[in-house]
Amino acid sequence: MTLVLVIALAALAVVLAPPAVRVFDRKAGWPLAALFIAGAVILGRELPAVIDGRALEFTQVWVPDVIAPGMDVSLALRGDALGVFFSLLALVIGAVVFIYSAAYLPKHQGNTSFYTIMTAFTLSILLLVLADDVILLFLAWELVSLASFMLIARSGSSGEAGSVRTLVLTFVGGLTLLTAVAIAATQAGTTNLQGILASDVWAGNPGLTATVAVLIAVSAFTKSAQLPFHFWLPEAMAAATPVSAFLHAAAVVKAGIYLLLRFSTIFHDVAVWNWLLIVAGMATAIVSAAFAVQKTDLKQLTAYSTVSHLGWIVATIGVGTPFAIAAAVVHTATHALFKSSLFMLIGVIDHEAGSRDIRRLGRLWDKMPFTFGSVVIGAASMAAVPPLLGFISKEGMLTAFQDAPVGDAGVVILLVAAAIGAVLTFTYSAKIVFGAFIDGDRDMGGVHEAPVSLWLPAALPGLMSLPLAFMVGLADA
């Protein structure tokens, strides 16, 4: 019943959000974050058993004989290592974002809609990563799309166009996912996700396997903003900073990564899957990094950096070896930490200096020393500077690329492309630090450090990159 309890806590947060805002206004982030932390603690206590291979399970028949006699649709949840990992990511990052929101959001201005949709967003992600029935997985996938649309749209006219494009694009991905799971369920004779992944049909029908692999990949590309579907993510920057931090670090984009990781069980040695993920992923990584270097708006720069890092992860998953999958998971966690931190810290800069455009900023490092130090650590982890966790995860991906199933010449090209991407990553990471805090002639005499309640929650995920770098070996299991 552990999984049911965790889902129930997330659902309770959705129900309590409106009355909590009426009582606490923006401070409602604190009690709602407490529910997420409670869910993370409950789930975390089961982690040793999950790592040992004893997955958490819950099943309740929902619609019997829906496709054929004996093929029931169930409210089936399964918490294996991958599902629990993504659940903890959403709960912990979500809790930090809510605590940050309690200090960042304006008073008495639309906070009810913010907290209600954000809690529903978290619930949708949990259902997605814990679903053990492909129908439930698809429904959760669409709920994530709806929640992201509403969060972007609530920003007003500035987010209207971006929210509509986001909705249309992610629903196109939903259609390809629906097609894929329908084919998979009918061919495997079950809607149970584990049953589909363990079916013999994939080994016996290479054409079918390749077709479903392409459909799953395209679905994931729409959510994780891979070329040519990358444009929606920077447009989502119209949303409030806490939304950006959660959406980019632990929610929508990670839904696509989760789907790729989950189905790599059956597609890891399918050539079209390997080539599609590696080529699209590394192309996305380089092109988006080049876009990031050109941006002067810190939030847009960081948005393009998100797309770039997702490209790295997708390409690593495409390699398909156990080491590559592990490297992709480690960088997924690393990216969630430094990226959520950087987005929130950019919000702190904007909050205190009145701008996030480096052309309108001057020397801030001595005015906001704690924010400056936190941004340096987050940007250094993003740039893969040792001894931070970002260095370890980037090295892991580069090592994984050496075993890519693309031939010797292909491996050389991949490593050269990765080197270009790494240089661009370091460049835009340095641009964040120097552009926001060191360069610029504008007088920033009236700017001062943000309250601790604002900068500390923003800094915390990025600061964890240092101690976690020395604990990454514990993740081997």
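The values are calculated or read from the model by the stated rules, or taken from the named source; none is laboratory data. Everything numeric here is computed off the predicted structure, so don't read it as measured data. So basically every Cβ, Gly included, is an ideal-geometry build from the backbone, and we count neighbours across all protein chains shown. The accessibility values were calculated without ligands, DNA or RNA, using every heavy atom of the protein model including side chains. Shrake-Rupley method; radii C 1.70, N 1.55, O 1.52, S 1.80 Å.
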Being out of contact with any Ser or Thr (no Cβ under 6 Å at 6 or more places or on another chain), open to solvent by less than 10 Å² (accessible area, probe 1.4 Å) and among the aliphatic types (A, V, I, L, M) is the filter here; which residues of region 131-151 pass it?
131, 137, 151
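For region 381-400, what are the residues that are of a type outside the set (Lys, Arg), assigned to a helix (DSSP H, G or I) and open to solvent by less than 20 Å² (accessible area, probe 1.4 Å)? Break it down stepwise before answering.
Taking region 381-400 and keeping what is of a type outside the set (Lys, Arg), we get 381-393, 395-400.
After this cut, where a residue has to be assigned to a helix (DSSP H, G or I) as well, the list is 381-382, 389-393, 395-400.
Answer for region 381-400, where residues must be of a type outside the set (Lys, Arg), assigned to a helix (DSSP H, G or I) and open to solvent by less than 20 Å² (accessible area, probe 1.4 Å): 381, 382, 389, 390, 393, 396, 397, 400.
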Report every pair of residues separated by at least 6 positions or lying on different chains whose Cβ atoms are under 6 Å apart, first residue within region 246-262 and over 11 Å from residue 129 (Cβ atoms), second modelled with pLDDT under 75 and of a type in the set (S, T, N, Q).
none
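Taking the condition open to solvent by less than 20 Å² (accessible area, probe 1.4 Å) and either within 30 Å of residue 118 (Cβ to Cβ) or outside any loop (DSSP other than H, G, I, E, B) (or both), does residue 226 pass? First the steps, then the outcome.
Details: open to solvent by less than 20 Å² (accessible area, probe 1.4 Å): yes; either within 30 Å of residue 118 (Cβ to Cβ) or outside any loop (DSSP other than H, G, I, E, B) (or both): yes.
Yes.
Yes or no: residue 209 open to solvent by 10 Å² or more (accessible area, probe 1.4 Å) and closer than 30 Å to residue 58 by Cα? Full working, then the answer.
Details: open to solvent by 10 Å² or more (accessible area, probe 1.4 Å): no; closer than 30 Å to residue 58 by Cα: yes.
It is false that residue 209 is open to solvent by 10 Å² or more (accessible area, probe 1.4 Å) and closer than 30 Å to residue 58 by Cα.
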Examine region 420-442 for a residue that is more than 30 Å from residue 51 (Cα to Cα), open to solvent by 50 Å² or more (accessible area, probe 1.4 Å), not basic (Lys, Arg) and not in a helix (DSSP H, G or I), and state whether such a residue exists.
yes
Qualifying residue in region 59-75 (condition: open to solvent by 20 Å² or more (accessible area, probe 1.4 Å), more than 21 Å from residue 475 (Cα to Cα) and either acidic (Asp, Glu) or touching a Cys at 6+ places or on another chain (Cβ under 8 Å) (or both))
yes
List the residue pairs whose Cβ atoms are under 9 Å apart, where the first residue sits in region 6-28 and is in contact (Cβ under 8 Å) with a residue 12 or more places away in the chain and open to solvent by 30 Å² or more (accessible area, probe 1.4 Å), the second is of a type in the set (Lys, Arg) and not in a helix (DSSP H, G or I), and the two are 6 or more positions apart or on different chains.
26/107
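Yes/no per residue for (1) part of a helix (DSSP H, G or I); (2) touching a Phe, Trp or Tyr at 6+ places or on another chain (Cβ under 8 Å); (3) at pLDDT 95 or above; (4) crowded, with 21+ Cβ neighbours inside 10 Å:
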| residue | (1), (2), (3), (4) |
| --- | --- |
| 236 | yes, no, no, yes |
| 242 | yes, yes, no, yes |
| 248 | yes, yes, no, yes |
| 260 | yes, no, yes, yes |
| 305 | yes, yes, no, yes |
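In region 308-328, is there at least one residue being among the β-branched types (Val, Ile, Thr), buried (at least 24 other Cβ atoms within 10 Å of the Cβ) and farther than 30 Å from residue 475 by Cα?
Let us first name the residues in region 308-328 that are among the β-branched types (Val, Ile, Thr), namely 313-314, 316-317, 319, 321, 325.
Checking the rest, the ones that are also buried (at least 24 other Cβ atoms within 10 Å of the Cβ) come to 313-314, 316-317, 319.
From the residues that got through so far, the ones that are farther than 30 Å from residue 475 by Cα too are none.
The answer is no, given that none of the residues of region 308-328 is among the β-branched types (Val, Ile, Thr), buried (at least 24 other Cβ atoms within 10 Å of the Cβ) and farther than 30 Å from residue 475 by Cα.
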Considering 179, 186, which residue is of a type outside the set (A, V, I, L, M), at pLDDT 95 or above, closer than 15 Å to residue 212 by Cβ and open to solvent by 40 Å² or more (accessible area, probe 1.4 Å)?
179
Select, from 409, 336, the only residue that is open to solvent by 20 Å² or more (accessible area, probe 1.4 Å) and among the aliphatic types (A, V, I, L, M).
409
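Find the helices (runs of 4 or more DSSP H) located wholly in region 1-119 whose residues include 3 or more that are under 18 Å from residue 340 (Cβ atoms), and list them. Steps first, please.
On the way: elements: 2-24, 29-45, 47-51, 81-104.
The helices (runs of 4 or more DSSP H) meeting that bar are 29-45, 81-104.
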